[in-house]
Structure formats: C-alpha cells, structure tokens
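Following this message is one structure expressed as structure tokens.
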Amino acid sequence: MFDLFARVFGREDASKEVAKERLRLVLVHDRSSLSPQALESLKNDLLQVISQYLDIDDQGFRVDFSRHDDAMALVANIPIKKKASRNL
Amino acid sequence: MGEAIVITSGKGGVGKTTTTANIGAALAQAGQRVALIDADIGLRNLDVVMGLENRIVYDLVDVVEGFAKLKHALIKDKRFENLYLLPAAQTRDKTAVSPDQMRSLVAEMKEEFDFVLIDCPAGIEQGFKNAVAGSDKAIVVATPEVSSVRDADRIIGLLEAEEKHHPSLIVNRIRPSMVKKGDMMDIDDMIEILAIDLLGVVPDDEFIVVSTNRGEPAVLNQQSKAGEAYRLISRRLLGENVPLMKVEEEGQGLLGRLRKMMGIKG
Ligand SMILES: Nc1ncnc2c1ncn2[C@@H]1O[C@H](COP(=O)(O)OP(=O)(O)OP(=O)(O)O)[C@@H](O)[C@H]1O
Ligand SMILES: [Mg+2]
C-alpha cells in the first residue's frame, strides 16, 4: 500500500530528482561562462569590499549560484563576527 | 529550394546517426526527395546503418576537393528512389573540409532535394562547425541522462548564439518503466531544463539493434515503437500537427489516468 501511495504521489528520493538538482547547478555554472577561478576571485573581491564595513567570518563565507524558479541568482552567505566588546 | 537540417547532440552515442537514417527514410517514404550527408569524417557510420556500405565509390571529401562530381558520389538507397546518401571519407579527418566548403556543398544539394539531413559528429570542435555551417535548422538529440542533457545544453547555447538554427529537441531512449518509478527524467523535466521546443520522443527499443544489424531503418518496420516515433517526427517536420508519441508501458494506463484525475504531474 505504501508503495502504491509513494508511486502515485512521486517519491522525493527518486533518482531523477537528484539528477535534476545536479543538472540545475551544473548548468548554472556552464551557462554563466564564469570559470571556477573567476568565481574564486569574485569571492575574494567581495570579501575584501565587505570587510571594509563589517567584521566578517571568512571561514563561513560562501558564494554560489542557485536557481530561484526560472531565474539565476548569485547567493552570498556572509556570517558576521560578533563584536568582542558585547561578548563579555 | 529545400531545407537543410543538422542532427547534433554534443555527447557521443546518443542516437544522431540512428535519428538521421530514420527521419531520412520516413521523409522519403512520405514522397520527399531526401539526401543524407554523413559529416562524421573519419568515423563514418551512416552508410552501415542504411545498409549501403558496399556501394560507396566516392565520398564527401572527394566532392569538396573536386575529385568527384556530387552526382557521382551520391548513393541511391536500395528501398526508396528518392533517398540518397553522401558518405563521409573514412581515411581523412575533420580538417579535410572547411565550413565554407560545407556551406556551398549544402547549398548545391538544396537545389535538388526537399530535405538535406546532416549527421553531425560528436563534440563541439571543427566537425560540429562543419556540420552546422550549411544548415538552416538544428535537431538536438539527447537521452534522459545528466551528461547528455548537460552536453545538449552546451550545444543549444552554441546554436542559439548564431540565431539561425532554431534548435528543437528529440528525446531518445526513454524507458517508460524507469520514468514511472521516478528513476529517469521525463519529457517535461527535460524541456523545463533545456527550455527549447520539443520535436519528438523516441522510446528505447531493442528493435533498433536488429535494424542496425540488418542495415534497414526501423521506420520500415510497422511493429517497431521507435520506428513509429520517427514516422511521427517526420510528419511534424512536414508541418503536420500530429501529437507526440505516447511512451507508456503496455496496460498501465490506469495509474496514469488516476494521477491525471488527481491533478498530479507524472
Ligand atoms: N531508441 C533507441 N533504442 C535502442 N537503441 C538505440 C536507440 N537509439 C540509438 N540506439 C543505439 O545506440 C547506439 C548509438 O547510436 P548512434 O550511432 O545513432 O549514436 P550517435 O549519436 O550517432 O553516435 P556517435 O556520436 O558515435 O556518432 C547504437 O548502438 C544504436 O543502435
Ligand atoms: Mg553517429
């Protein structure tokens, strides 16, 4: 019965979902024509600019392409270090 | 004046040659004057798929270099009066021909034929550039696999950059039982990812192996599912508004209908 249920409603873990997700990511890179090296230097530039204003944690700093519905987005995750003065 | 269509894919082994042979035979069957060009110089195969390998005297490079006349190099098909093959050279490589030479060759052939189908080699290098040069339209063949879809996307990008080929997609080797289990991308998935028009869907069919063994395109067999799919594709190329082939497992329409009733996309 569960099997029928799963089949009718489509499995989340079906391997085609994995394929689609992987394809989406790889195609965003392919289509952007930004090489991994270029992405790396974009990251470094971003880090440098933002550091002028905020104290950021460069360990957790991440920049990646992602897809939102039909549009492509460059998503940056920039953790800010807690101010030492408040952290008593 | 005819139309030149290149059949391409990026990735190798996904069914370009099979598709060229079958669409060509189906169009000829429908009364069109058709010429097939094997542009895979150095790795010719369209001749064996068509069962014409014993009739080759001259090839594409001979014609381009002025060593043979086009009409002497064209091989007439065994089954159809109005179907011809221009074979690739086997002992040369892709650099033996230039895009300009291909353009004028294809233009000359369009004078005589309703359709000129060009079987493109795998890859995006010189062989691809040659095959695409003289064509008006492009058909991109892809199988429902990550690597094939990725390469198809690259090819579509290159074709769209030239803004003249209006690429459309043939999804080849669909396996309904795997699609149903969620273990193979379906047509909607592929269209959504690649964002191009769908020309047709061809199921994975053991008969393709039999037909290649015999050198007889599958469209000549009324029992072959893939043959039926290629006949439908050819009618669409002729401008008929025929539906896509339903690729379903035998006797499993109930679940599909149930899903539809409940508004769930399969
Ligand atoms: N719909 C299908 N069902 C079953 N087998 C298929 C189907 N389409 C193609 N094949 C098989 O896949 C193999 C590759 O097909 P084909 O030679 O047409 O690919 P190709 O894209 O021209 O390859 P290449 O890039 O080497 O030129 C062949 O063995 C062929 O018989
Ligand atoms: Mg081939």
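Values in this text are rule-based calculations from the coordinates and carry no lab data. Remember, predicted model here, so these are calculated numbers, not experimental data. Cβ sites come from the backbone with ideal geometry, for glycine too, and all protein chains shown count toward neighbours.
When DSSP assigns beta bridges and you keep just the ones with both residues in the protein assembly as shown, what percent turn out antiparallel, to the nearest 5?
Percentage antiparallel, nearest 5: 25.
May I pose another question? Calculate the all-directions average of the projected area of chain B's alpha-carbon convex hull, and give it in nm².
13.8
Based on DSSP H runs of at least 4 residues, each adding -39500 (n - 2.57), what is the mean residue ellipticity at 222 nm of chain B after dividing by all its residues, to the nearest 500 deg cm²/dmol?
About -12000 deg cm²/dmol.
Oh, and also: Please turn the phi angles of region B:93-102 into ³J(HN,Hα) values with the Karplus equation 6.51 cos²θ - 1.76 cosθ + 1.60 (θ = phi - 60°), one per residue in order, whole Hz, x for glycine and proline.
Once θ is set to phi - 60°, the couplings for region B:93-102 become 10, 4, 7, 5, 10, 10, x, 4, 5, 5 Hz.
Here is a further query. Would you tell me the mean number of C-beta atoms belonging to other protein chains that fall within 10 Å of each C-beta in A:19-29, as a whole number?
4
Taking the Cα centre of each part, how many Å lie between region A:26-43 and region B:110-164?
25
Among B:Y84, A:Y53, which comes first, second and so on when ranked by fewest other beta-carbon atoms within 10 Å?
Least to most surrounded, the residues fall as A:Y53, B:Y84.
Do any of A:K43/B:K180; B:K11/B:K137; B:K16/B:K164 go past 30 Å between their Cα atoms, and which?
A:K43/B:K180
Of all DSSP beta bridges located in chain B, what percent are antiparallel, nearest 5?
Among the beta bridges of chain B, antiparallel pairing accounts for roughly 5 percent.
Another one. Taking +1 at the Cβ of each Lys and Arg and -1 at the Cβ of each Asp and Glu, which of B:V149, B:A107, B:Q126 sits farthest along the dipole of region B:97-155 towards its positive end, judged by Cα position relative to the Cα centre?
Of the candidates, B:V149 comes out farthest on the positive side.
How large is log10 of I(q)/I(0) for region B:15-104 at q = 0.12, 0.20, 0.22 Å⁻¹ when the intensity is taken from the Debye formula with one equal scatterer per alpha-carbon?
-0.33, -0.93, -1.10
Amide H neighbours of B:L169 under 5 Å, at least 5 residues apart or on other chains, H built in the peptide plane: list them.
B:V140, B:D197, B:L198, B:L199, B:G200
If you don't mind, another one. If you take the C-alpha gyration tensor of the protein assembly as shown, multiply each eigenvalue by 5 and take the square root, what semi-axes do you get, largest first, in whole Å?
That gives 45, 29, 15 Å for the three semi-axes.
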